[in-house]
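The values are calculated or read from the model by the stated rules, or taken from the named source; none is laboratory data. Because the structure is a prediction, the values reported are computed rather than measured. Note that each Cβ is placed from the backbone with ideal geometry, even for glycine, and that neighbours are counted across all protein chains shown. For accessibility, only protein heavy atoms count, side chains too; no ligands or nucleic acids. Shrake-Rupley method; radii C 1.70, N 1.55, O 1.52, S 1.80 Å.
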Amino acid sequence: MYSGFFGIEIAKKALFASQKAQENVAHNVANANTEGYSRQRVVLESTYTKPFAGLFTGAGAVQIGTGVTIGDITRIRDSFTDRQYRDENSSLGQWSVQTDILKQVEAVFSEPSDIGISSVLTKFWQALEELSKNPEAIEIRETVKERAITLADTINHTSRQLNEILGDVNFRIAVKVDEINSLAKQIASLNGEIRHMELSGTTAADLRDKRDLLLDQLSKIVDIETYEDQNGLFSVNVGGAILVKGTDYNTISFDQTNLKALPKWVGFNIDVNSKKGELVGLIELRDNKVWAYLNDLQTFTEKFAEKFNEIHKSGYDLYGNPGVEFFEYNPQDSGDLLFVNTEITRDLKKIAAAETSTGIPGDNRNALKLADLRQKYLNELNGSLDDFYSALISRIGIDSQQAKRMAQAQEYMVSQLDERRKEISSVSIDEEMAKMIMYQHAYNAAARMITAMDEMIETIVSRMGLVGR
(Lines give C-alpha, C1' and ligand atoms only; values in the text may rest on other atoms or scores of the structure.)
Protein backbone atom coordinates (compact mmCIF):
# COMPACT_ATOMS: atom_id res chain seq x y z
CA MET A 1 0.00 0.00 0.00
CA TYR A 2 1.15 3.55 -0.70
CA SER A 3 1.12 6.31 1.89
CA GLY A 4 -1.41 9.06 1.65
CA PHE A 5 1.51 11.42 1.29
CA PHE A 6 2.63 9.68 -1.91
CA GLY A 7 0.99 12.28 -4.14
CA ILE A 8 2.84 15.07 -2.33
CA GLU A 9 6.09 13.22 -3.00
CA ILE A 10 5.30 13.06 -6.72
CA ALA A 11 4.49 16.76 -6.79
CA LYS A 12 7.67 17.53 -4.87
CA LYS A 13 9.70 15.74 -7.53
CA ALA A 14 7.93 17.79 -10.18
CA LEU A 15 8.82 20.97 -8.30
CA PHE A 16 12.49 20.06 -8.08
CA ALA A 17 12.65 18.94 -11.72
CA SER A 18 10.99 22.14 -12.97
CA GLN A 19 13.26 24.22 -10.78
CA LYS A 20 16.36 22.47 -12.11
CA ALA A 21 15.13 22.84 -15.69
CA GLN A 22 14.53 26.55 -15.06
CA GLU A 23 18.07 26.88 -13.72
CA ASN A 24 19.34 25.22 -16.90
CA VAL A 25 17.44 27.82 -18.95
CA ALA A 26 19.09 30.56 -16.89
CA HIS A 27 22.51 28.98 -17.51
CA ASN A 28 21.88 28.91 -21.27
CA VAL A 29 20.73 32.52 -21.36
CA ALA A 30 23.69 33.64 -19.27
CA ASN A 31 26.10 32.03 -21.76
CA ALA A 32 24.31 33.04 -24.95
CA ASN A 33 27.37 35.08 -26.00
CA THR A 34 30.07 32.89 -24.46
CA GLU A 35 32.56 31.69 -27.07
CA GLY A 36 32.51 27.93 -27.50
CA TYR A 37 29.43 27.38 -25.31
CA SER A 38 27.00 24.66 -26.38
CA ARG A 39 23.42 24.98 -25.20
CA GLN A 40 22.40 22.39 -22.65
CA ARG A 41 19.16 20.51 -22.42
CA VAL A 42 17.58 18.89 -19.38
CA VAL A 43 16.45 15.32 -20.03
CA LEU A 44 13.37 14.60 -17.92
CA GLU A 45 12.51 10.96 -17.21
CA SER A 46 9.45 9.47 -15.54
CA THR A 47 10.03 7.31 -12.47
CA TYR A 48 8.01 4.27 -11.52
CA THR A 49 7.90 1.35 -9.16
CA LYS A 50 7.65 -2.32 -10.02
CA PRO A 51 4.56 -4.26 -8.99
CA PHE A 52 5.10 -6.12 -5.77
CA ALA A 53 3.24 -8.88 -3.91
CA GLY A 54 -0.08 -7.69 -2.63
CA LEU A 55 -2.70 -5.48 -4.14
CA PHE A 56 -0.91 -4.83 -7.43
CA THR A 57 -0.13 -8.39 -8.54
CA GLY A 58 -1.95 -10.96 -10.57
CA ALA A 59 -4.65 -10.14 -13.09
CA GLY A 60 -5.12 -6.39 -13.50
CA ALA A 61 -1.85 -5.54 -11.79
CA VAL A 62 -0.66 -2.02 -12.64
CA GLN A 63 2.61 -0.17 -12.55
CA ILE A 64 2.34 2.96 -10.42
CA GLY A 65 4.19 6.08 -11.61
CA THR A 66 6.23 7.82 -8.95
CA GLY A 67 6.87 11.16 -10.66
CA VAL A 68 9.72 12.69 -12.63
CA THR A 69 13.48 12.99 -12.30
CA ILE A 70 16.35 14.63 -14.19
CA GLY A 71 17.92 11.80 -16.17
CA ASP A 72 20.76 13.89 -17.59
CA ILE A 73 21.83 17.33 -18.74
CA THR A 74 23.13 16.98 -22.28
CA ARG A 75 24.90 19.50 -24.44
CA ILE A 76 23.75 19.92 -28.02
CA ARG A 77 26.80 19.30 -30.17
CA ASP A 78 27.48 17.69 -33.56
CA SER A 79 30.85 15.91 -33.44
CA PHE A 80 30.88 15.36 -37.22
CA THR A 81 30.56 19.08 -37.94
CA ASP A 82 33.25 19.75 -35.32
CA ARG A 83 35.60 17.43 -37.18
CA GLN A 84 34.87 19.09 -40.51
CA TYR A 85 35.38 22.53 -38.98
CA ARG A 86 38.74 21.62 -37.47
CA ASP A 87 39.96 20.00 -40.66
CA GLU A 88 39.17 23.11 -42.70
CA ASN A 89 40.44 25.36 -39.91
CA SER A 90 43.88 23.76 -40.26
CA SER A 91 43.97 24.67 -43.95
CA LEU A 92 42.82 28.19 -43.12
CA GLY A 93 45.65 28.59 -40.62
CA GLN A 94 48.18 27.35 -43.18
CA TRP A 95 47.19 29.79 -45.91
CA SER A 96 46.41 32.75 -43.65
CA VAL A 97 49.85 32.82 -42.10
CA GLN A 98 51.47 32.56 -45.54
CA THR A 99 49.32 35.43 -46.82
CA ASP A 100 50.49 37.69 -44.01
CA ILE A 101 54.19 37.01 -44.49
CA LEU A 102 54.12 37.10 -48.29
CA LYS A 103 52.68 40.60 -48.02
CA GLN A 104 55.82 41.51 -46.08
CA VAL A 105 58.01 39.95 -48.79
CA GLU A 106 56.22 41.97 -51.47
CA ALA A 107 56.75 45.11 -49.41
CA VAL A 108 60.46 44.32 -49.10
CA PHE A 109 60.95 44.13 -52.88
CA SER A 110 58.63 47.12 -53.45
CA GLU A 111 57.98 46.26 -57.07
CA PRO A 112 56.98 48.16 -59.06
CA SER A 113 58.15 51.38 -57.42
CA ASP A 114 60.85 54.04 -57.65
CA ILE A 115 62.79 52.50 -54.76
CA GLY A 116 62.81 48.86 -55.86
CA ILE A 117 65.82 47.03 -57.28
CA SER A 118 64.37 47.08 -60.79
CA SER A 119 64.04 50.86 -60.85
CA VAL A 120 67.46 51.44 -59.27
CA LEU A 121 69.07 48.97 -61.69
CA THR A 122 67.45 50.72 -64.65
CA LYS A 123 68.90 54.04 -63.52
CA PHE A 124 72.32 52.40 -63.27
CA TRP A 125 72.09 51.12 -66.85
CA GLN A 126 71.00 54.59 -67.97
CA ALA A 127 74.03 56.13 -66.27
CA LEU A 128 76.27 53.72 -68.17
CA GLU A 129 74.60 54.71 -71.43
CA GLU A 130 75.31 58.36 -70.64
CA LEU A 131 78.91 57.41 -69.88
CA SER A 132 79.20 55.79 -73.31
CA LYS A 133 78.25 59.13 -74.88
CA ASN A 134 80.91 61.09 -73.02
CA PRO A 135 83.40 58.66 -71.41
CA GLU A 136 85.86 61.31 -70.24
CA ALA A 137 83.26 63.41 -68.31
CA ILE A 138 83.97 63.26 -64.58
CA GLU A 139 80.43 64.37 -63.64
CA ILE A 140 78.94 61.41 -65.54
CA ARG A 141 81.42 59.06 -63.88
CA GLU A 142 80.25 60.48 -60.55
CA THR A 143 76.68 59.61 -61.52
CA VAL A 144 77.71 56.05 -62.41
CA LYS A 145 79.44 55.69 -59.05
CA GLU A 146 76.47 57.03 -57.08
CA ARG A 147 74.00 54.85 -59.00
CA ALA A 148 76.23 51.82 -58.35
CA ILE A 149 76.35 52.57 -54.62
CA THR A 150 72.58 53.04 -54.56
CA LEU A 151 72.13 49.71 -56.38
CA ALA A 152 74.37 47.90 -53.91
CA ASP A 153 72.60 49.50 -50.94
CA THR A 154 69.19 48.56 -52.34
CA ILE A 155 70.18 44.94 -52.93
CA ASN A 156 71.76 44.74 -49.47
CA HIS A 157 68.69 46.25 -47.82
CA THR A 158 66.46 43.74 -49.58
CA SER A 159 68.73 40.88 -48.55
CA ARG A 160 68.79 42.05 -44.93
CA GLN A 161 65.03 42.36 -44.87
CA LEU A 162 64.61 38.83 -46.22
CA ASN A 163 66.94 37.54 -43.53
CA GLU A 164 64.89 39.40 -40.92
CA ILE A 165 61.73 37.78 -42.29
CA LEU A 166 63.40 34.37 -41.97
CA GLY A 167 64.20 35.17 -38.35
CA ASP A 168 60.65 36.38 -37.79
CA VAL A 169 59.25 33.19 -39.29
CA ASN A 170 61.47 31.13 -37.00
CA PHE A 171 60.27 33.17 -34.03
CA ARG A 172 56.66 32.52 -35.05
CA ILE A 173 57.36 28.81 -35.35
CA ALA A 174 58.77 28.85 -31.81
CA VAL A 175 55.66 30.69 -30.58
CA LYS A 176 53.38 28.14 -32.27
CA VAL A 177 55.33 25.28 -30.71
CA ASP A 178 54.89 26.88 -27.28
CA GLU A 179 51.17 27.27 -27.97
CA ILE A 180 50.88 23.60 -28.91
CA ASN A 181 52.60 22.55 -25.69
CA SER A 182 50.41 24.88 -23.62
CA LEU A 183 47.19 23.68 -25.28
CA ALA A 184 48.23 20.05 -24.85
CA LYS A 185 48.79 20.62 -21.14
CA GLN A 186 45.41 22.32 -20.73
CA ILE A 187 43.57 19.60 -22.68
CA ALA A 188 45.21 16.87 -20.59
CA SER A 189 44.22 18.69 -17.40
CA LEU A 190 40.61 19.04 -18.61
CA ASN A 191 40.58 15.34 -19.52
CA GLY A 192 41.32 14.51 -15.90
CA GLU A 193 38.62 16.83 -14.58
CA ILE A 194 36.02 15.57 -17.05
CA ARG A 195 36.71 11.93 -16.30
CA HIS A 196 36.65 12.51 -12.53
CA MET A 197 33.32 14.35 -12.69
CA GLU A 198 31.63 11.91 -15.04
CA LEU A 199 32.79 8.84 -13.11
CA SER A 200 31.10 10.36 -10.07
CA GLY A 201 27.89 10.73 -12.07
CA THR A 202 28.13 14.49 -12.66
CA THR A 203 27.62 15.92 -16.13
CA ALA A 204 30.73 17.75 -17.38
CA ALA A 205 29.13 19.63 -20.28
CA ASP A 206 30.82 22.96 -19.52
CA LEU A 207 34.25 21.36 -19.20
CA ARG A 208 33.71 19.58 -22.51
CA ASP A 209 32.89 22.94 -24.10
CA LYS A 210 36.17 24.35 -22.78
CA ARG A 211 38.03 21.37 -24.17
CA ASP A 212 36.36 21.74 -27.57
CA LEU A 213 37.33 25.41 -27.64
CA LEU A 214 40.97 24.46 -26.99
CA LEU A 215 40.75 21.85 -29.75
CA ASP A 216 39.47 24.52 -32.15
CA GLN A 217 42.49 26.67 -31.30
CA LEU A 218 44.86 23.73 -31.66
CA SER A 219 43.36 22.75 -35.03
CA LYS A 220 44.40 26.08 -36.52
CA ILE A 221 48.03 25.43 -35.62
CA VAL A 222 48.29 21.75 -36.63
CA ASP A 223 45.97 19.16 -38.12
CA ILE A 224 44.58 16.96 -35.37
CA GLU A 225 42.60 13.77 -34.94
CA THR A 226 40.60 13.21 -31.78
CA TYR A 227 38.80 10.17 -30.41
CA GLU A 228 37.35 8.94 -27.15
CA ASP A 229 37.35 5.24 -26.28
CA GLN A 230 34.64 3.30 -24.47
CA ASN A 231 36.29 4.04 -21.15
CA GLY A 232 36.10 7.79 -21.72
CA LEU A 233 39.85 8.12 -22.43
CA PHE A 234 40.22 11.10 -24.77
CA SER A 235 43.22 11.33 -27.13
CA VAL A 236 44.60 13.88 -29.59
CA ASN A 237 46.89 12.83 -32.45
CA VAL A 238 49.12 15.09 -34.54
CA GLY A 239 50.55 13.59 -37.70
CA GLY A 240 50.10 10.05 -36.42
CA ALA A 241 51.83 10.76 -33.09
CA ILE A 242 50.01 11.08 -29.77
CA LEU A 243 49.99 14.62 -28.42
CA VAL A 244 47.49 13.98 -25.61
CA LYS A 245 46.23 10.72 -24.14
CA GLY A 246 44.04 11.10 -21.12
CA THR A 247 45.95 13.14 -18.56
CA ASP A 248 49.31 12.52 -20.25
CA TYR A 249 50.75 14.68 -23.02
CA ASN A 250 53.91 14.91 -25.12
CA THR A 251 55.80 18.11 -25.84
CA ILE A 252 57.50 19.54 -28.93
CA SER A 253 60.86 21.33 -29.08
CA PHE A 254 62.27 23.77 -31.62
CA ASP A 255 65.69 25.39 -32.06
CA GLN A 256 64.84 29.00 -32.87
CA THR A 257 68.47 29.90 -33.60
CA ASN A 258 68.63 27.48 -36.55
CA LEU A 259 66.92 28.98 -39.61
CA LYS A 260 66.45 25.50 -41.08
CA ALA A 261 65.42 23.61 -37.95
CA LEU A 262 62.20 21.59 -37.74
CA PRO A 263 59.97 21.03 -34.68
CA LYS A 264 60.69 17.70 -32.99
CA TRP A 265 58.91 15.47 -30.49
CA VAL A 266 60.85 15.71 -27.25
CA GLY A 267 60.40 12.08 -26.24
CA PHE A 268 61.21 10.57 -29.63
CA ASN A 269 63.58 13.12 -31.28
CA ILE A 270 61.72 12.84 -34.58
CA ASP A 271 60.21 15.60 -36.71
CA VAL A 272 56.59 16.59 -36.18
CA ASN A 273 54.78 15.27 -39.24
CA SER A 274 51.84 17.64 -39.49
CA LYS A 275 50.17 18.10 -42.88
CA LYS A 276 48.27 21.36 -42.40
CA GLY A 277 47.97 24.29 -40.05
CA GLU A 278 49.89 27.45 -39.19
CA LEU A 279 52.97 25.46 -38.16
CA VAL A 280 53.22 23.75 -41.55
CA GLY A 281 52.42 27.01 -43.34
CA LEU A 282 55.32 28.75 -41.60
CA ILE A 283 57.77 25.94 -42.29
CA GLU A 284 56.78 25.68 -45.97
CA LEU A 285 57.00 29.44 -46.33
CA ARG A 286 60.45 29.55 -44.76
CA ASP A 287 61.97 26.56 -46.56
CA ASN A 288 60.23 26.65 -49.95
CA LYS A 289 59.58 30.33 -50.51
CA VAL A 290 61.56 32.89 -48.51
CA TRP A 291 64.78 30.89 -48.68
CA ALA A 292 64.20 30.42 -52.42
CA TYR A 293 63.67 34.17 -52.89
CA LEU A 294 66.85 34.93 -50.97
CA ASN A 295 68.85 32.34 -52.92
CA ASP A 296 67.61 33.77 -56.21
CA LEU A 297 68.53 37.28 -55.09
CA GLN A 298 71.99 36.03 -54.17
CA THR A 299 72.34 34.26 -57.53
CA PHE A 300 71.22 37.39 -59.36
CA THR A 301 73.67 39.56 -57.42
CA GLU A 302 76.57 37.15 -57.82
CA LYS A 303 76.11 36.77 -61.57
CA PHE A 304 75.57 40.49 -62.03
CA ALA A 305 78.81 41.28 -60.19
CA GLU A 306 80.70 38.49 -61.96
CA LYS A 307 79.65 39.40 -65.51
CA PHE A 308 79.97 43.14 -64.93
CA ASN A 309 83.47 42.70 -63.51
CA GLU A 310 84.52 40.52 -66.45
CA ILE A 311 83.64 43.29 -68.89
CA HIS A 312 85.04 46.06 -66.70
CA LYS A 313 88.39 44.32 -66.24
CA SER A 314 88.68 43.82 -70.01
CA GLY A 315 88.62 47.61 -70.52
CA TYR A 316 90.94 50.47 -69.64
CA ASP A 317 90.56 53.45 -67.30
CA LEU A 318 91.58 57.05 -67.95
CA TYR A 319 95.11 56.25 -66.73
CA GLY A 320 95.47 53.67 -69.48
CA ASN A 321 95.50 50.82 -66.96
CA PRO A 322 93.35 47.67 -67.18
CA GLY A 323 90.11 47.95 -65.27
CA VAL A 324 89.80 46.69 -61.70
CA GLU A 325 86.85 44.83 -60.23
CA PHE A 326 83.98 47.29 -60.11
CA PHE A 327 81.76 45.31 -57.67
CA GLU A 328 82.58 42.92 -54.86
CA TYR A 329 80.17 40.07 -54.18
CA ASN A 330 80.79 39.11 -50.55
CA PRO A 331 77.84 37.67 -48.55
CA GLN A 332 77.90 38.81 -44.92
CA ASP A 333 76.20 37.47 -41.80
CA SER A 334 74.26 40.72 -41.69
CA GLY A 335 72.76 39.89 -45.08
CA ASP A 336 74.81 42.37 -47.14
CA LEU A 337 75.84 40.98 -50.54
CA LEU A 338 77.22 43.65 -52.86
CA PHE A 339 79.81 46.40 -52.45
CA VAL A 340 81.37 48.93 -54.81
CA ASN A 341 85.15 48.65 -54.97
CA THR A 342 86.72 51.40 -52.84
CA GLU A 343 89.26 52.06 -55.62
CA ILE A 344 86.36 53.17 -57.80
CA THR A 345 84.71 55.30 -55.12
CA ARG A 346 88.00 57.07 -54.33
CA ASP A 347 89.10 57.63 -57.92
CA LEU A 348 86.46 57.99 -60.64
CA LYS A 349 89.12 57.83 -63.36
CA LYS A 350 89.46 54.09 -62.65
CA ILE A 351 86.10 53.39 -64.27
CA ALA A 352 87.17 51.49 -67.39
CA ALA A 353 85.07 52.94 -70.22
CA ALA A 354 87.63 52.39 -73.00
CA GLU A 355 88.23 49.16 -74.90
CA THR A 356 91.88 49.91 -75.61
CA SER A 357 94.51 52.03 -73.91
CA THR A 358 95.23 53.82 -77.17
CA GLY A 359 91.68 55.16 -77.46
CA ILE A 360 91.71 57.12 -74.21
CA PRO A 361 89.96 59.39 -73.35
CA GLY A 362 87.25 59.26 -76.02
CA ASP A 363 86.99 55.47 -76.40
CA ASN A 364 83.50 54.44 -75.23
CA ARG A 365 83.34 50.86 -76.49
CA ASN A 366 83.77 49.18 -73.09
CA ALA A 367 81.11 51.47 -71.59
CA LEU A 368 78.76 50.29 -74.35
CA LYS A 369 79.54 46.69 -73.46
CA LEU A 370 78.76 47.40 -69.82
CA ALA A 371 75.43 48.99 -70.76
CA ASP A 372 74.62 46.12 -73.14
CA LEU A 373 75.02 43.59 -70.31
CA ARG A 374 71.45 44.45 -69.34
CA GLN A 375 70.00 42.52 -72.30
CA LYS A 376 72.75 39.94 -72.73
CA TYR A 377 71.64 36.30 -72.50
CA LEU A 378 73.37 34.47 -69.66
CA ASN A 379 73.35 30.68 -69.72
CA GLU A 380 73.63 30.50 -65.93
CA LEU A 381 70.36 32.43 -65.55
CA ASN A 382 68.59 31.05 -68.64
CA GLY A 383 68.02 34.61 -69.75
CA SER A 384 69.16 38.15 -69.17
CA LEU A 385 69.64 39.77 -65.77
CA ASP A 386 66.39 41.70 -66.20
CA ASP A 387 64.56 38.50 -67.21
CA PHE A 388 65.83 36.61 -64.16
CA TYR A 389 64.87 39.36 -61.73
CA SER A 390 61.46 39.86 -63.37
CA ALA A 391 60.80 36.12 -63.04
CA LEU A 392 61.64 36.33 -59.34
CA ILE A 393 59.20 39.21 -58.79
CA SER A 394 56.52 37.41 -60.80
CA ARG A 395 56.92 34.28 -58.70
CA ILE A 396 56.57 36.26 -55.49
CA GLY A 397 53.40 37.88 -56.83
CA ILE A 398 51.94 34.55 -57.93
CA ASP A 399 52.75 32.91 -54.58
CA SER A 400 51.13 35.81 -52.73
CA GLN A 401 48.01 35.77 -54.89
CA GLN A 402 47.65 32.01 -54.52
CA ALA A 403 47.97 32.20 -50.74
CA LYS A 404 45.44 35.03 -50.60
CA ARG A 405 42.99 33.18 -52.85
CA MET A 406 43.30 29.95 -50.86
CA ALA A 407 42.95 31.82 -47.57
CA GLN A 408 39.76 33.52 -48.78
CA ALA A 409 38.31 30.21 -49.97
CA GLN A 410 39.15 28.51 -46.67
CA GLU A 411 37.79 31.44 -44.68
CA TYR A 412 34.46 31.10 -46.48
CA MET A 413 34.42 27.34 -45.89
CA VAL A 414 35.26 27.71 -42.20
CA SER A 415 32.64 30.44 -41.72
CA GLN A 416 29.98 28.23 -43.30
CA LEU A 417 30.88 25.30 -41.06
CA ASP A 418 30.96 27.58 -38.03
CA GLU A 419 27.49 28.86 -38.89
CA ARG A 420 26.28 25.26 -39.15
CA ARG A 421 27.75 24.53 -35.73
CA LYS A 422 26.07 27.58 -34.28
CA GLU A 423 22.73 26.57 -35.76
CA ILE A 424 23.03 23.33 -33.82
CA SER A 425 24.80 24.37 -30.64
CA SER A 426 24.26 28.07 -30.02
CA VAL A 427 21.67 29.45 -27.64
CA SER A 428 18.42 30.81 -29.06
CA ILE A 429 17.03 33.43 -26.68
CA ASP A 430 13.50 32.99 -28.12
CA GLU A 431 13.62 29.25 -27.56
CA GLU A 432 14.91 29.64 -24.02
CA MET A 433 12.18 32.18 -23.19
CA ALA A 434 9.56 29.71 -24.40
CA LYS A 435 11.08 27.01 -22.21
CA MET A 436 11.19 29.38 -19.27
CA ILE A 437 7.43 29.94 -19.51
CA MET A 438 6.80 26.21 -19.96
CA TYR A 439 8.83 25.24 -16.89
CA GLN A 440 7.29 28.10 -14.91
CA HIS A 441 3.81 26.78 -15.62
CA ALA A 442 4.93 23.26 -14.76
CA TYR A 443 6.35 24.53 -11.46
CA ASN A 444 3.14 26.40 -10.65
CA ALA A 445 1.06 23.33 -11.45
CA ALA A 446 3.21 21.15 -9.20
CA ALA A 447 2.90 23.68 -6.38
CA ARG A 448 -0.88 23.76 -6.86
CA MET A 449 -0.91 19.96 -6.75
CA ILE A 450 0.82 20.00 -3.35
CA THR A 451 -1.81 22.44 -2.10
CA ALA A 452 -4.61 20.19 -3.35
CA MET A 453 -3.03 17.12 -1.78
CA ASP A 454 -2.60 18.97 1.48
CA GLU A 455 -6.28 19.92 1.48
CA MET A 456 -7.28 16.31 0.83
CA ILE A 457 -5.17 15.06 3.72
CA GLU A 458 -6.56 17.79 5.95
CA THR A 459 -10.09 16.59 5.10
CA ILE A 460 -9.18 13.04 6.07
CA VAL A 461 -7.40 14.00 9.26
CA SER A 462 -9.64 16.81 10.51
CA ARG A 463 -13.09 16.15 9.13
CA MET A 464 -13.66 12.42 8.68
CA GLY A 465 -15.70 10.86 11.53
CA LEU A 466 -17.38 14.05 12.68
CA VAL A 467 -20.84 12.86 11.65
CA GLY A 468 -22.62 10.91 14.44
CA ARG A 469 -20.50 12.10 17.32
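What nm value, rounded to one decimal, do you get for the distance between Asp153 and Glu23 when each label is placed 7 Å out toward the C-beta?
Result: 7.4 nm between the two label points.
Contour minus end-to-end for Glu302 and Met436, with contour as 0.36 nm per residue of separation and end-to-end as the Cα-Cα distance? Intermediate values should be presented prior to the final figure.
Working: separation 134, 0.36 × 134 = 48.24 nm, distance 7.63 nm.
The Glu302-Met436 span can extend by a further 40.6 nm.
Carbon-plus-sulfur fraction of the accessible area of the chain, 1.4 Å probe, in percent?
Numbers: 12340 of 24330 Å².
In the chain, the share of accessible area belonging to carbon and sulfur is 51 percent.
Compute the Cα gyration tensor for the stretch 226-321, then decide on rounded, prolate or oblate, letting a ≥ b ≥ c be the square roots of its eigenvalues: rounded whenever a/c is under 1.5, prolate when a/b is larger than b/c in the other cases, and oblate in all that remain. Intermediate values should be presented prior to the final figure.
On the way: a/c = 7.80, a/b = 4.58, b/c = 1.70.
Prolate.
Enter the mean projected area of the convex hull around the alpha-carbon atoms of the stretch 308-451, in nm², rounded to one decimal.
Values: hull surface 73.5 nm².
Convex hull of Cα atoms, orientation-averaged projection: 18.4 nm².
Kindly report the accessible area of the stretch 304-415 per residue (heavy atoms of protein chains, probe 1.4 Å, no ligands, DNA or RNA), in Å².
On the way: 5710 Å² over 112 residues.
Dividing the accessible area of the stretch 304-415 by its residue count gives 51 Å².
To one decimal place, what orientation-averaged projected area in nm² is obtained for the convex hull of the Cα set of the chain? Working shown, then result.
On the way: hull surface 138.3 nm².
Value for the chain: 34.6 nm².
I need to check one value: relative contact order of the stretch 187-235, counting alpha carbon pairs closer than 8 Å and at least 6 residues apart, in percent.
On the way: 24 pairs, mean separation 17.3, N = 49.
Dividing the mean separation by the residue count of the stretch 187-235 yields 35 percent.
At R0 = 41 Å, how high is the FRET efficiency between Ser314 and Lys103 if r is their beta carbon distance? Nearest 0.05 is fine.
Details: r = 43 Å, r/R0 = 1.06.
It comes to 0.40.
At a threshold of 8 angstrom on Cα-Cα distance, excluding pairs fewer than six apart, so keeping six or more, what relative contact order does the chain reach in percent? Please list the in-between numbers first.
On the way: 710 pairs, mean separation 111.6, N = 469.
Here the relative contact order equals 24 percent.
Where only protein heavy atoms count, and the probe is 1.4 Å, what is the accessible area per residue for the stretch 63-184 in Å²?
Numbers: 5050 Å² over 122 residues.
Accessible surface, normalised per residue, equals 41 Å².
Using a basic spin-label model with each label point 7 Å from the Cα along Cα→Cβ, how many nm lie between Thr247 and Ser79?
2.3
Subtract the Cα-Cα distance of Glu136 and Val175 from 0.36 nm times their separation in residues, and report this length gain in nm to one decimal.
On the way: separation 39, 0.36 × 39 = 14.04 nm, distance 5.85 nm.
So the extension gain works out to 8.2 nm.
Would you kindly state how much longer the chain becomes between Phe6 and Tyr227 on full extension, computed as 0.36 nm times their sequence separation minus their alpha carbon distance, in nm to one decimal?
Working: separation 221, 0.36 × 221 = 79.56 nm, distance 4.61 nm.
Length gained between Phe6 and Tyr227: 75.0 nm.
For n ≥ 4 DSSP H runs only, could you compute -39500 (n - 2.57) per run for the chain, divide by its residues and tell me the 222 nm figure to the nearest 500? Don't jump to the answer; show the numbers that get you there.
Details: 11 runs with 267 residues, N = 469.
Counting only the DSSP helices, I get -20000 deg cm²/dmol.
In degrees from 0 to 90, rounded to the nearest 10, what is the angle of the helix 79-109 Cα long axis to the longest principal axis of the chain?
The angle comes out at about 20 degrees.
What number comes out for the charge environment of Asp72, summing +1 per Lys or Arg and -1 per Asp or Glu over other residues with Cβ under 12 Å away?
+1
Obtain the nm distance between the two label points defined at Ile64 and Asn258 by a simple spin-label model: each point lies 7 Å from its Cα along the Cα-to-C-beta direction.
7.7
Between His196 and Gln416, what FRET efficiency follows from the Cβ-Cβ distance if R0 is 30 Å, with the result rounded to 0.05?
Details: r = 37 Å, r/R0 = 1.22.
Here the calculated transfer efficiency is 0.25.
Calculate how steeply helix 138-199 sits against the longest principal axis of the alpha-carbon atoms of the chain, using the helix alpha-carbon long axis, and give the answer as 0 to 90 degrees to the nearest 10.
20
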